[in-house]
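Below: one structure, written as structure tokens.
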Amino acid sequence: MSSTGHATLPVPALARRSPALKGRVRVPGDKSVSHRSLIFGALTVGETRISGLLEGEDVLNTAKACAALGADVERVGEGEWRVHGVGVGGLRAPEGVLDFGNAGTGSRLMMGVVAGNPITATFDGDASLRRRPMRRILDPLEKMGVAVVDAAEGGRLPLTLKGPQELVPITYESPVASAQIKSAVLLAGLGAPGETTVIEKEASRDHTERMLTHFGAEVTVEPYGEHGRKVTLKGRPELKPAPIRVPADPSSAAFPLVAALIVPGSEVVIEGVMTNPLRTGLFITLKEMGADITFENERVEGGESVADIRVRASALTGVNVPAERAPSMIDEYPVLAVAAAFATGETRMNGLSELRVKESDRLAAVADGLAQAGVAYRIEGDDLIVTGAGAAAGGGTVATHMDHRIAMSFLVMGLATDKPLKVDDISFIATSFPTFLPQMRALGALIDTEAVAG
């Protein structure tokens, strides 16, 4: 992966039609929970132990930022970390720039954290992160009294924030369903007196609310309208250390899961996957399409529901995916589009405007990838319609646009296409799923990285 100001050579890869995938796998820890585990550890008074942390580059950049802000952060084993926090309002100004690489979640959540401290900090990232919109985070933070000292055009990175001496609690109605916006406001609200409230018309991921409660903050969550939530936080709590076991990431589990669905004869078990209802939109959609997916050994770990997921190759049928499901599967649409290509009939994915502001314009990137694989599709407004034929030709080269999920999705597709499918760069997979290649190969996937260039 490139970090700020440094470029790395692209690493192309080729996926070929594979034999039946078989075996058990545990994908890395959930990315959302991993970021938050480090951040909340830094905001407690005392030592928090974390197990199962995703050690991808995005999360490691959040760990570095926590350390730069004064927390004592130490890796003590594989996926095992300890964080000795400095308490709410106890962060110190960093000596240098906080470089988040490709981590949109890490950078946006840490803006909220910095806002609750009377310090100045500069945020930066790689070329991809510098293109992503930050104004949606800055708007509520400015209402709370945070000063944007400097920013690139359009409120993008690099930018410098200065937290006020006295933060103002607000009630903020989020313009979009975004866990990052909600979390940034709530994390800032930890440093404000009184109550900070976030209202969402569509409920987004609730990991921040769960973790606030886990660490001893006073949080109330109420329904709002048909699909929304109203979240209220009582400010200036003393957060207490609490151990965290990070469940396996459902967004990462999506790749071996869809691979097993589309490669004939496959049967795969993915262990310890988070089944939080606000993260299971893909599983629900695939079951509606006819996927043979079962949850086994269901349990609760660290405040989150988890299960082992057994998936068998299945004949899929196209479905209509409602727009209100988008927040629960926003990162899984690229790999759902792959599944839809191997379904019979049309799959219509409604309301995908958020995909245009991810690591890449994911809607355009998915469409281009489908075209490279010979799959019929069309885009109508913010809707993607894939016309599945039960098979796909392959044979093209997919431009990943420095987007890890585009890379993994189309490598999965190539495992079942008639001709091999090439992706132009897999270096960014390390941001979220550093063990993707060895784990997929262990299941039987044929993915080549040697002598692919050209």
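Couple of notes before you dig in:
- Scope the range 17-52; condition of a type in the set (A, V, I, L, M), in a helix (DSSP H, G or I) and within 19 Å of the chain's Cα centre (by Cα); matching residues: Val33, Leu38, Ile39
- Flag if Asp30 is under 19 Å from Phe428 (Cα atoms) and open to solvent by 50 Å² or more (accessible area, probe 1.4 Å): no
- Residue satisfying all of: in the range 298-320; of a type in the set (Val, Ile, Thr) and free of Cβ contacts under 8 Å to residues at least 40 places away in the same chain; nearest to Lys22 (Cα to Cα) among these: Thr317
- Given (1) under 20 Å from Ser18 (Cβ atoms); (2) out of contact with any Lys or Arg (no Cβ under 8 Å at 6 or more places or on another chain); (3) not aliphatic (A, V, I, L, M), number of the condition Gly414 does not satisfy: (2)
- Number of residues in the range 283-296 that are within 21 Å of Val386 (Cα to Cα), open to solvent by 10 Å² or more (accessible area, probe 1.4 Å) and hydrophobic (A, V, I, L, M, F, W, C): the value is 2.
- Only listed residue being open to solvent by 30 Å² or more (accessible area, probe 1.4 Å), within 16 Å of Asp249 (Cα to Cα), of a type in the set (A, V, I, L, M) and modelled with pLDDT under 95, chosen from Val300, Val357: Val300
- The sole residue among Asp382, Asp418, Asp368 that is without any contact (Cβ under 8 Å) to a residue 60 or more places away in the chain, surrounded by fewer than 22 Cβ atoms within 10 Å (Cβ to Cβ) and out of contact with any Ser or Thr (no Cβ under 9 Å at 6 or more places or on another chain) is Asp368.
- Test: Gly87 is modelled with pLDDT of 95 or more and within 29 Å of Pro243 (Cβ to Cβ): yes
- Which listed residue is touching a residue at least 24 places away in the same chain (Cβ under 8 Å), among the aliphatic types (A, V, I, L, M) and out of contact with any helix residue (DSSP H, G or I) (no Cβ under 9 Å at 6 or more places or on another chain), from Val59, Val45: Val45
- Test: residue in the range 366-384 that is under 19 Å from the mean Cα position of the chain (by Cα) and at pLDDT 95 or above: yes
- Filter result for Glu209 (crowded, with 20+ Cβ neighbours inside 10 Å and within 19 Å of Pro322 (Cα to Cα)): no
- Number of residues in the range 408-436 that are part of a helix (DSSP H, G or I) and either under 21 Å from Asn61 (Cα atoms) or among the hydroxyl-bearing types (Ser, Thr, Tyr) (or both) equals 7.
- Restricted to the range 437-453, and to residues there that are of a type in the set (D, E, K, R) and outside any helix (DSSP H, G or I), the residue that is most open to solvent (accessible area, probe 1.4 Å) is Glu450.
Here's the yes/no breakdown for (1) part of a helix (DSSP H, G or I); (2) farther than 30 Å from Leu261 by Cα; (3) open to solvent by 10 Å² or more (accessible area, probe 1.4 Å); (4) touching a residue at least 40 places away in the same chain (Cβ under 8 Å):
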| position | (1), (2), (3), (4) |
| --- | --- |
| Ala15 | no, no, no, yes |
| Leu54 | no, no, no, yes |
| Lys64 | yes, yes, yes, no |
| Gly70 | no, yes, yes, no |
| Val76 | no, yes, yes, no |
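- When Ala217, Ala192 are checked against the criterion of being out of contact with any helix residue (DSSP H, G or I) (no Cβ under 8 Å at 6 or more places or on another chain), touching a residue at least 40 places away in the same chain (Cβ under 8 Å) and not hydroxyl-bearing (Ser, Thr, Tyr), a single residue qualifies: Ala192.
- For Gly351, the test of being assigned to a loop (DSSP other than H, G, I, E, B) and under 25 Å from Ser204 (Cα atoms) is passed.
- One residue from Leu167, Leu109, Leu157, Leu138 being modelled with pLDDT of 95 or more, in a loop (DSSP other than H, G, I, E, B) and either within 18 Å of Ile181 (Cβ to Cβ) or open to solvent by 10 Å² or more (accessible area, probe 1.4 Å) (or both): Leu167
The values are calculated or read from the model by the stated rules, or taken from the named source; none is laboratory data. Quantities reported herein were computed from a predicted structural model and do not represent experimental measurements. As a convention, Cβ positions derive from the backbone with ideal geometry for all residues, glycine included, and neighbour counts pool all protein chains shown. We work out accessible area using only protein heavy atoms, side chains counted, and drop any ligands, DNA or RNA first. Shrake-Rupley method; radii C 1.70, N 1.55, O 1.52, S 1.80 Å.
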